[in-house]
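J.: Can you read through this structure? Questions will come right after.
The values are calculated or read from the model by the stated rules, or taken from the named source; none is laboratory data. Fair warning: this is a prediction, and the values are worked out from it, not measured in the lab. Here the Cβ is made from the backbone with ideal geometry for all residues, glycine too, and neighbour counts use every protein chain on show.
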Amino acid sequence: MTATIEPTIIKERLPSASARLSLAPTGSGPGLLDGAWWPRSRDLLREIPTLTDALDACWGRITHVTVNPAHWPVIARRVPVAGHTVHVGWFADEQDPKKVILLSYTVGRLDLLVIPPETEPAAGRLMAAATVPGGIRTASRWPTKP
């Protein structure tokens, strides 16, 4: 899949529903994944604001997001969210295509398994399994095909 990198900021915020997100319990042992995210589409301009809305209050302001462009057809460099801008980076070889990395200046880093939007029947089970404290599976080891 080829990704298009879009350098401009879209001023209009796109409406969206709440994030489908599952996080490991606070204070649990370190694992390779901190949880799972099941976006509704492959549109980062629509999905990142929804994700940051869900995380900003409980985890800290998200400032940067990195993805692998394999599953995201358009990657905007900057995405406007509530009160600030999230910078988006991409790494084709260095980052697992089934993972999104979120960075916050105040708290640190979250690594989330990305459940493909088209994964209906197994998504709930996958999201719950990705939050097991001390999990040793990497994102690429998860069977996320529908």
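Results for (1) buried (at least 20 other Cβ atoms within 10 Å of the Cβ); (2) within 15 Å of the chain's Cα centre (by Cα); (3) in contact (Cβ under 8 Å) with a residue 12 or more places away in the chain, shown as yes or no for each residue.
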| position | (1), (2), (3) |
| --- | --- |
| ALA24 | yes, yes, yes |
| LEU33 | yes, yes, yes |
| LEU51 | yes, yes, yes |
| THR63 | no, yes, yes |
| VAL67 | yes, yes, yes |
| HIS84 | no, no, yes |
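J.: Any residue at all in region 74-94 that is of a type in the set (S, T, N, Q) and not in a strand (DSSP E or B)?
T.: So the first thing to find is which residues in region 74-94 are of a type in the set (S, T, N, Q), and the list is 85.
If we keep only those that are not in a strand (DSSP E or B) as well, we get none.
Scanning region 74-94 turns up no residue that is of a type in the set (S, T, N, Q) and not in a strand (DSSP E or B).
J.: Select, from ALA128, ALA123, the only residue that is surrounded by 19 or more Cβ atoms within 10 Å (Cβ to Cβ), modelled with pLDDT under 80 and aliphatic (A, V, I, L, M). Break it down into steps so the answer makes sense when it comes.
T.: Values: ALA128 fails: surrounded by 19 or more Cβ atoms within 10 Å (Cβ to Cβ).
Answer to the check: ALA123.
J.: With respect to the numbered conditions (1) in a loop (DSSP other than H, G, I, E, B); (2) modelled with pLDDT of 85 or more; (3) surrounded by 16 or more Cβ atoms within 10 Å (Cβ to Cβ), which one is the sole condition not fulfilled by LEU55?
T.: (1)
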